[in-house]
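Colleague: Mind looking over this structure? Questions follow.
The values are calculated or read from the model by the stated rules, or taken from the named source; none is laboratory data. Bear in mind the structure is a predicted one, so any value in this text is a computation, not a measurement. In this analysis, Cβ positions are derived from the backbone assuming ideal geometry, glycine residues included, and neighbour counts consider all displayed protein chains.
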Amino acid sequence: MEQLQIGSVGRSVCRIGLGTWSMGGWMWGGADERSARATIERALEMGIDLIDTAPVYGFGLSERLVGEVVESLGVRDAVVIATKCGLVWDDRQEPWRDSSAASIRREVQQSLDRLRTSWIDLYQVHWPDEATPFEETAAALQDLVDEGLVKAVGVCNYSAEQMERFARAVRLDATQFRYNIFERANEDLREYARRRGLFAMAYSPLARGLLTGAMRADREPSDPARRAPMYHGEQYRRHLAAVEALDDLAQRRYGRRVIHLAVRWLLDRPGISAVLWGARKPEQLDQVEGVWGFEVEEPDFAAIDAIVESLADVPS
Ligand SMILES: NC(=O)c1ccc[n+]([C@@H]2O[C@H](COP(=O)([O-])OP(=O)(O)OC[C@H]3O[C@@H](n4cnc5c(N)ncnc54)[C@H](OP(=O)(O)O)[C@@H]3O)[C@@H](O)[C@H]2O)c1
């Protein structure tokens, strides 16, 4: 199991973290709490000691489940909990961005309560809020660090320019962005994180299930998390064909499967510190072990690119 240090958190963590968005159910067709708890337990048993959550995941549910499991196993000191602020919601469960100091102050207390803890290891702004001065958000987070409620500060979905602005006012240790074999729009953020020495987490590493090899042509996903064109119609079929080609390469070259190759490819990209593996059933973590013990060899990066480039002419 590979580990890396997250700046001010002051310890190393497993380079595969558990992502808890889907287990909260919101945008993923509902939650199964029993299965979600078992998934968190399984991750911890396996040595996955980085858990990424957010208040908005299941409108409090994911954080609550993480808090309950970590407390019941008595492992709080051994786990790095990364949660978020800056996305709030109303009675209709419609989220919006608010990274004002007042909102952060309210949110942190709610997260600490749900997580049943007295500190958050990594506190991340969920989405940039251009209506609030970045200096205000950064200062509010610095106060939480000074008070010992938060160990390290991160951001998600910020551009490089936004991170530059933000990092002038508080020590920035980590960043999260969408990045996987199929979705590479954030290459510049990978490079920025590498240059600035940030702990960079790739989210949606499995392209929300597409790169696992488990999705089937006759079962198009219907949940809002997978509403992008690549999960529907001709694009879906073409992506599934690319998954098959990647699976073939993984088997031929490494004796692995596409899910292992998809995560290994990320871990071997310069600047990527960790991947956040989203799971909501314990058996979805069975393949984690197969990610260790090999590296993507140089010619295969080009072979993978060629498979992805064959998708470029797909009509949307
Ligand atoms: N900061 C942000 O704005 C942001 C945004 C997105 C995600 N994230 C973080 O990143 C994490 C991961 O991203 P993600 O959840 O979007 O996508 P992901 O990790 O690419 O995909 C997760 C989904 O893949 C499927 N899956 C996982 N393991 C599997 C296996 N072994 N076999 C078959 N299917 C499997 C499951 O879907 P089914 O259960 O439906 O089969 C699971 O819910 C999130 O949980 C969250 O913590 C952060």
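Colleague: Name the pairs whose Cβ atoms lie under 7 Å apart, with the first residue in segment 72-87 and over 10 Å from ILE120 (Cα atoms) and of a type in the set (D, E, K, R), the second modelled with pLDDT of 95 or more and not in a strand (DSSP E or B), and 6 or more positions between them or separate chains?
Modeller: Note: pairs meeting the criteria are ARG76/VAL70; ARG76/THR117.
Colleague: While we're on this one: Just checking, which of PRO229, PRO224, PRO282 is touching a residue at least 60 places away in the same chain (Cβ under 8 Å) and crowded, with 17+ Cβ neighbours inside 10 Å?
Modeller: Details: PRO229 fails: crowded, with 17+ Cβ neighbours inside 10 Å; PRO224 fails: crowded, with 17+ Cβ neighbours inside 10 Å.
The match here is PRO282.
Colleague: Go through segment 242-259 and count every residue that is within 10 Å of the ligand (Cβ to nearest atom) and surrounded by fewer than 22 Cβ atoms within 10 Å (Cβ to Cβ).
Modeller: Matching residues across segment 242-259 total 1.
Colleague: Separate question: If we keep just the residues of segment 197-224 that are of a type in the set (D, E, K, R) and more than 20 Å from LEU50 (Cβ to Cβ), which is nearest to the ligand (Cβ to nearest atom)?
Modeller: Our first condition is that a residue be of a type in the set (D, E, K, R); within segment 197-224, this holds for 208, 216, 218-220, 223.
Remaining after also requiring more than 20 Å from LEU50 (Cβ to Cβ): 216, 218-220, 223.
Working: ARG216: 11, ASP218: 16, ARG219: 11, GLU220: 13, ASP223: 7 Å.
The extreme case among them is ASP223.
Colleague: Can you pull out the residues in segment 22-62 that are under 17 Å from SER72 (Cβ atoms), in a loop (DSSP other than H, G, I, E, B) and within 11 Å of the ligand (Cβ to nearest atom)?
Modeller: Listed by number, the list holds a single entry, THR53.
Colleague: So which residues in segment 275-316 are within 8 Å of the ligand (Cβ to nearest atom), among the charged types (D, E, K, R) and assigned to a helix (DSSP H, G or I), if there are any at all?
Modeller: Scanning segment 275-316 gives GLU283, ASP286.
Colleague: Separate question: Would you pick out the residues in segment 255-273 that are in contact with a strand residue (DSSP E or B) (Cβ under 8 Å, 6 or more places away or on another chain) and part of a helix (DSSP H, G or I)?
Modeller: VAL263, LEU266, LEU267
Colleague: Residues of segment 232-241 being without any contact (Cβ under 8 Å) to a residue 40 or more places away in the chain and within 14 Å of the ligand (Cβ to nearest atom), which ones?
Modeller: Within segment 232-241, just LEU240 meets the criteria.
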